[in-house]
1. Go through (1) open to solvent by less than 60 Å² (accessible area, probe 1.4 Å); (2) β-branched (Val, Ile, Thr); (3) more than 20 Å from residue 240 (Cβ to Cβ) for residue 125 and report which single condition fails.
2. All but one of (1) part of a loop (DSSP other than H, G, I, E, B); (2) surrounded by 13 or more Cβ atoms within 10 Å (Cβ to Cβ); (3) not assigned by TED's automatic domain parsing to the domain that holds residue 18 hold for residue 156; which doesn't?
3. Scan region 120-150 for residues that are in a loop (DSSP other than H, G, I, E, B) and within 14 Å of ligand 2 (Cβ to nearest atom) and jot them down.
4. Filtering region 89-118 down to residues that are surrounded by fewer than 20 Cβ atoms within 10 Å (Cβ to Cβ) and assigned to a helix (DSSP H, G or I), which residue is farthest from the chain's Cα centre (by Cα)?
5. Applying the selection to region 90-142, what residues are among the aliphatic types (A, V, I, L, M), within 16 Å of residue 24 (Cα to Cα) and free of Cβ contacts under 8 Å to residues at least 24 places away in the same chain?
Amino acid sequence: MDRGVAKLGGLLETSRQAVIFTGAGISTESGIPDFRSPGGFWTRHAPIYFDEFLTSEAARRETWRRRFSMDETLKAARPNRGHVAVAELIRRGTAQTVITQNIDGLHQAAGVPADRVIELHGNTTYAACLDCNARYELEPIRAAFERDGTLPRCTRCFGLVKTATISFGQQMPLEAMREAERATRHCDLFLAMGSSLVVYPAAGFPRLAKECGATLVIINREPTELDDIADLVLHRPIGETLGQAAGIQ
Ligand code: NAD
Ligand code: ZN
């Protein structure tokens, strides 16, 4: 076994309070492109800012059109070896919390209890009313949109309905940020995987963990912004690396 992977294995054996922090890179092995991959649907279009969604019907239409254009990819995605290993580390009590920038719900699908997953950027597998927070499933919204272009409104309060994600320019979810900070301050090991660590405030967590005395490990195919402050950096694929280190097939 690679020496770095073996070192990670040793850290996982002794850790009882790890935080696992994930970005788009943990889901590429499930067929969901990351932010930067060439031709990926996330980069083909300029982002739609939250204010535009609120004020422009055309922006709302385009937002839903884009969401449904990636529906098949998201629906077909299954948890991969990396997600399975993360769920096993939670089950073993090695790690207590998963903080994710992802919106695909694959940590929960792999078996991490929902109350252990902190979603910093929300979740795109369902929708919610922006005013009263009522939850809506996507199937009926898609059916109405494709039938005659209907855009969803809340049946309770007539508020705007949007996927339960945090858009560019939208306030970060305060409770999730608070919980993520608390977990980060108290962890013994902070394992950041599949994130270029450029998007703030999310990328502030590995820094904070290090300042609070945790061991910082980064697994990412390419160099990240924080490689120079990490205790261990593995430029390797996540599924195989974490699977081997944790002894999980
Ligand atoms: P990013 O695209 O900026 O960085 C992903 C990193 O993962 C890259 O550095 C890449 O080299 C690495 N990577 C990709 N596949 C890998 C693999 N199999 N093994 C190891 N490394 C791998 O992603 P980010 O830092 O998460 O920021 C992008 C933002 O876009 C996030 O905030 C997220 O909300 C959103 N996003 C989410 C999803 C998702 O939910 N699956 C997908 C794309 C983008
Ligand atoms: Zn409502």
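The values are calculated or read from the model by the stated rules, or taken from the named source; none is laboratory data. Everything numeric here is computed off the predicted structure, so don't read it as measured data. Every residue, glycine as well, gets a Cβ built from its backbone with ideal geometry; the counts of neighbours run over all protein chains shown. Note: accessible area is taken over every heavy atom of the protein model, side chains too, but ligands, DNA and RNA are not part of it. Shrake-Rupley method; radii C 1.70, N 1.55, O 1.52, S 1.80 Å.
1. Looking at each condition in turn, residue 125 falls short on (1).
2. (2)
3. 130, 131, 132, 133, 134
4. 92
5. Result: 117, single match.
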